[in-house]
Structure formats: structure tokens, C-alpha cells
Amino acid sequence: MSSKIRILLPVKRVIDAALKPRINKAQTGVESAGVKFSINPFDDIAVEEAIKIKNAHKDKVESIHAVSIGPSKAQDILRVALAKGADTSTLVDVKDQEVEPLQVSKILKKLQEKHNSNLIILGKQAIDDDSNQTGQMLAGLLNWPQATNASKVKINADNTVEVEREIDGGVEVVKASLPMIITTDLRLNEPKFVTLPKMMKAKKKPLEILKVDDLGITLENRLETIKLEDPPVRQGGAKVGSVDELISKLKELKAI
Ligand code: AMP
């Protein structure tokens, strides 16, 4: 294996994390009209980490390629990834079609082959579908080691990678050789804002647009969304005047 690192960065366009999603009238999905979309927050962390790795290992990191599978508008988030420091990018234009994690993984496998990537950094989950599956499925398809929910990543001189994962009651450290898959957790880093001059410069960086047909893949979803419902509205609470009153109230409700 060559000692150079070629990073693949899958980034998904999702409803901005600061917004509260609303269910559409037909109850088939989330309302997307007139809503702000941004890069999935965990993918933003992945972009930041890839740039950090590149800055720390300039001689080793050959390329960072960002890829998004989504509508034409997903070009916006690829431009953000390019402005932050990715070198090149691909949009796999699927128009408005929902693409399930297995399909995403199959597309990413094709792109890994095309770019000969040996380190793929994904978010641990997309905040729209909350699947938390793509990285794991891609590792399965490629038969690569995977370190999910990374809170620290260290690349060693011999191209082994040590990843810290926060687990219940402690930290787990796993180690693997490239090629490998990493998925990011919230505490891995704090993504920086991108400046306007960098956004302007990124317009000149390569952004290739492909269709799934170009990759020899046919999209077949296995799940059908029957219906989406809002959670029941929470009942208002009541105030009690003393601890005794609280205890008798809890007894009355058979909570204790
Ligand atoms: P999920 O398994 O859907 O929760 O997504 C986990 C991660 O897979 C995301 O954080 C992204 O890094 C990647 N991913 C999922 N869907 C897409 C997509 N449509 N385009 C690019 N990357 C994606």
C-alpha cells in the first residue's frame, strides 16, 4: 500500500440543525419548502478533522475529496467543504429522491474505487434520518476496519490510526491500519466558520456532477414511510408548596 493518505469525505445536506422540523401536510415527510438547509453537523466535524489531519501531515495527505448524494442544491455544502480545505468534490445528483443508507454506501464504495481513497471520514449520523448506519455498512461492503463515534484521531508514522471513542464510563482506544473508516462524534473538534473570501476562492475548485447511472447503480429503496406524526403534546406540570405535599401527590399518582 502506498504511504499517501487519500481522504474521502461524505457530506449530507440536511435541514439546518438550529431549526425545528415540521411535518408536511400529507404526513409523508418533513416540510422542506422555504427551509434553510446546511451541511449535516457531524459531517462538518468530519471536514474539520480531515483538514486538521492534512495540516498536521502535509507530506502524507495527498488529497481530500468531498462527496454529497442529494439534489442539485447540495452543491452549496460541497462549496463549503471546498472552502474549508477539501481539494475536489463530487455531487451525485439524485434529484429529490430519498436515498437509504445502504444505497448511499454502495454509491460511496464506487467513489472510493474511483478516487482510490484509503481513509473515509463520515458523520456518525445524519440528523434528518438519524440512521447511524452508513459508515458501518460501507465498512462492511469494503471489508475495512471501522472506528465509529470518534472523539480523538491520531495518525501514526507507520500509517496506523488510533481512535478514541467515548463509551459509558470511560474511553475506548482502537487502532487499525489504513484503509479504514472513521465516523465522527460531537466532541472530536469544533468546526470553524468559513470566511467569504474562502467561499469565493472555492468557486474555482473542481466539482464534478454525476448521476447514479454513471456509477452503474440503480437506486432501490427497501423502506416505505407510511406516516409521520408529531409526538403527543406534553401535559403541563403543577407546582407544589412543600415536600410533604409533593410526596402525597406522588402517592396519589401511584408514582411511589
Ligand atoms: P446515516 O447513516 O444516514 O445516519 O448517515 C451517516 C453519515 O453518512 C453522514 O453523517 C454522512 O457522512 C454520510 N451520508 C449519509 N447520507 C449521505 C448522503 N446522502 N450524501 C453524503 N453523505 C451521506
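The values are calculated or read from the model by the stated rules, or taken from the named source; none is laboratory data. Quantities reported herein were computed from a predicted structural model and do not represent experimental measurements. Ideal geometry is used to build each Cβ from the backbone, glycine not excepted, and the neighbour counts take in all protein chains shown. These accessible areas exclude ligands, DNA and RNA; they are computed on the full protein's heavy atoms, side chains included. Shrake-Rupley method; radii C 1.70, N 1.55, O 1.52, S 1.80 Å.
Quick notes on this one:
- Residue list for the range 25-36, filter: open to solvent by 30 Å² or more (accessible area, probe 1.4 Å), in contact (Cβ under 8 Å) with a residue 40 or more places away in the chain and not β-branched (Val, Ile, Thr): GLN27
- Residue list for the range 94-119, restricted to those being of a type in the set (D, E, K, R) and open to solvent by less than 40 Å² (accessible area, probe 1.4 Å): GLU100
- The range 129-138, residues that are closer than 22 Å to ASN189 by Cβ and surrounded by fewer than 24 Cβ atoms within 10 Å (Cβ to Cβ): ASP130, ASN132, GLN136
- Scan of the range 150-165 for residues that are open to solvent by 40 Å² or more (accessible area, probe 1.4 Å) and closer than 20 Å to GLN133 by Cα, ordered by number: GLU164, ARG165
- The range 129-144, residues that are part of a loop (DSSP other than H, G, I, E, B), near the ligand (Cβ under 8 Å from one of its atoms) and either of a type in the set (Val, Ile, Thr) or at negative phi (or both): ASP129, SER131, GLN133
- Exclusive hit being open to solvent by less than 50 Å² (accessible area, probe 1.4 Å), in contact (Cβ under 8 Å) with a residue 60 or more places away in the chain and not small (Gly, Ala, Ser), set ASP87, ASP16: ASP87
- Residue list for the range 102-117, filter: under 17 Å from LEU9 (Cβ atoms) and assigned to a helix (DSSP H, G or I): VAL104, SER105, ILE107, LEU108, LYS109, LYS110, LEU111, GLN112, GLU113, LYS114, HIS115
- Every test in (1) of a type outside the set (Gly, Ala, Ser); (2) in contact with a Pro (Cβ under 9 Å, 6 or more places away or on another chain); (3) farther than 17 Å from ILE127 by Cα; (4) part of a strand (DSSP E or B) is passed by ILE7 save one, and that test is (2).
- Taken over the range 186-217, the criterion of being closer than 30 Å to GLU164 by Cα and either among the β-branched types (Val, Ile, Thr) or in contact with a helix residue (DSSP H, G or I) (Cβ under 8 Å, 6 or more places away or on another chain) (or both) is satisfied by LEU186, LEU188, ASN189, GLU190, PRO191, LYS192, VAL194.
- Breaking point among (1) under 20 Å from ILE217 (Cα atoms); (2) more than 15 Å from the ligand (Cβ to nearest atom), for GLN112: (2)
- Residue list for the range 160-207, filter: farther than 14 Å from VAL47 by Cβ, in contact (Cβ under 8 Å) with a residue 24 or more places away in the chain and among the acidic types (Asp, Glu): ASP185
- Members of the range 58-84 that are open to solvent by 30 Å² or more (accessible area, probe 1.4 Å), in contact with a helix residue (DSSP H, G or I) (Cβ under 8 Å, 6 or more places away or on another chain) and not hydrophobic (A, V, I, L, M, F, W, C): SER63, ARG79, LYS84
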